[in-house]
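Some notes on the structure that comes next.
The values are calculated or read from the model by the stated rules, or taken from the named source; none is laboratory data. The shown structure was predicted, so the numbers you read here are calculated from the model rather than taken from an experiment. With ideal geometry, Cβ positions are generated from the backbone for all residues, glycine too; neighbour counts draw on all protein chains shown.
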Amino acid sequence: MSEPRFAFGRNWQRLVARLEGGAIDSARAKLVEMLGTGDLGGRRMLDIGSGSGLMSLAARQLGAQVTSFDYDADSVGCTREVRQRYRPDDVDWTVAQGSALDEAYMAKLGTFDLVYAWGVLHHTGAMWRAMELAAAAVAPGGTFYVALYNDQGWISRYWLWIKRNWVRRPWTRPLAILVHAPYFIGLRWLVWVLRGRGGLARGMDLWIDLIDWLGGYPFEVASRDSVRIWAGTKGFDLSTEASAGRRHGCNEFVLRRKAAP
Ligand SMILES: C[S@@+](CC[C@H](N)C(=O)[O-])C[C@H]1O[C@@H](n2cnc3c(N)ncnc32)[C@H](O)[C@@H]1O
């Protein structure tokens, strides 16, 4: 029997149901900050594991021609709904179901100027293999924007245990929420209020983030050094990095593939 997985798409449905302009603005702002440009016109982007579809929408609004796909049928439904709501009949945004680990599928997609895989490849069950296949989709001179969970050593092993329980033993879920909500929701809510109630990074939501974090399984982590070394061996230069420090969450890397000689 195959290992149970977290129902990512069902969680995204909640975000899509209450999606509003502020969240879309935050999503766009994050892309601009990390990519160093607000103009993606003329660039082809592959959004691997598009989830809610919010980041695909943001990239499309910045002018990229977007191909989104996700493994989870409900995530694909969310991305399609967002496309239908904000960009109906847009021929420059396609949405499909597929897996980042399906070599034939990935090869058929071809190469892109920008490959975006935020918070996805560590949920595939074979993170480094997924990194290889995603990197192969980056055209010479292109950009790979990837975010992977920070390796916190024994703390990451604790989270693996929580997440495994979430998918294997659903009765542990209320307890996991009770134990972790004071920090994940209480403290973050306070910080949000003290900072003037602006949009959360990338247009996310405290409750949806909490459930995604407690349940998101399969789950792997990577140290910043291991990603930097990997990038060097694959012919990428590090352009921008956003670190999670010693905390849980994602380290983000914007990598540029050297142009063909
Ligand atoms: C935490 S969400 C991130 C969504 C989105 N990239 C974002 O930035 O908000 C992870 C997504 O990865 C998808 N995913 C997991 N394994 C995948 C795979 N093998 N291929 C494609 N998508 C996958 C999940 O279904 C989920 O929608």
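What the table shows:
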| item | result |
| --- | --- |
| Pairs with Cβ under 9 Å, 6+ apart, first in the range 55-68 and in the same structural domain as Gly21 (by TED's automatic domain parsing) and at negative phi, second assigned to a helix (DSSP H, G or I) and among the polar types (S, T, N, Q) | Ser56/Thr79; Leu57/Thr79; Ala58/Ser26; Ala64/Ser56; Val66/Ser56; Thr67/Ser56; Ser68/Ser56; Ser68/Thr79 |
| Residue match in the range 253-261 (condition: within 14 Å of Trp118 (Cα to Cα), within 14 Å of the chain's Cα centre (by Cα), modelled with pLDDT of 95 or more and surrounded by 15 or more Cβ atoms within 10 Å (Cβ to Cβ)) | yes |
| Identity of the residue in the range 97-126, buried (at least 21 other Cβ atoms within 10 Å of the Cβ) and in contact with an Asp or Glu (Cβ under 7 Å, 6 or more places away or on another chain), that ends up farthest from Ala58 (Cα to Cα) | His122 |
| Per-region count, the range 108-151, residues within 10 Å of the ligand (Cβ to nearest atom), in a loop (DSSP other than H, G, I, E, B) and free of Cβ contacts under 8 Å to residues at least 40 places away in the same chain | 1 |
| Elements of type helices (runs of 4 or more DSSP H) in the range 1-75, at least 2 residues being among the aromatic types (Phe, Trp, Tyr) | 8-17 |
| Matching entry among Val32, Val82 (being crowded, with 24+ Cβ neighbours inside 10 Å, over 15 Å from the mean Cα position of the chain (by Cα) and of a type in the set (A, V, I, L, M)) | Val82 |
| Any hit, the range 239-251, residues being in contact with a strand residue (DSSP E or B) (Cβ under 8 Å, 6 or more places away or on another chain), basic (Lys, Arg) and modelled with pLDDT of 95 or more | no |
| So Gly203, is it at pLDDT below 95 and more than 16 Å from the ligand (Cβ to nearest atom) | no |
| Any hit, the range 222-237, residues being at pLDDT below 90 and surrounded by 14 or more Cβ atoms within 10 Å (Cβ to Cβ) | no |
| Count of the range 89-107 residues which are in a loop (DSSP other than H, G, I, E, B) and either at pLDDT 95 or above or near the ligand (Cβ under 9 Å from one of its atoms) (or both) | 8 |
| Residue within the range 3-24 that is within 10 Å of the ligand (Cβ to nearest atom), over 16 Å from the mean Cα position of the chain (by Cα) and farther than 23 Å from Val254 by Cβ present | yes |
| Some residue of the range 10-24 being aromatic (Phe, Trp, Tyr) and either free of Cβ contacts under 8 Å to residues at least 24 places away in the same chain or in contact with a Lys or Arg (Cβ under 9 Å, 6 or more places away or on another chain) (or both) | no |
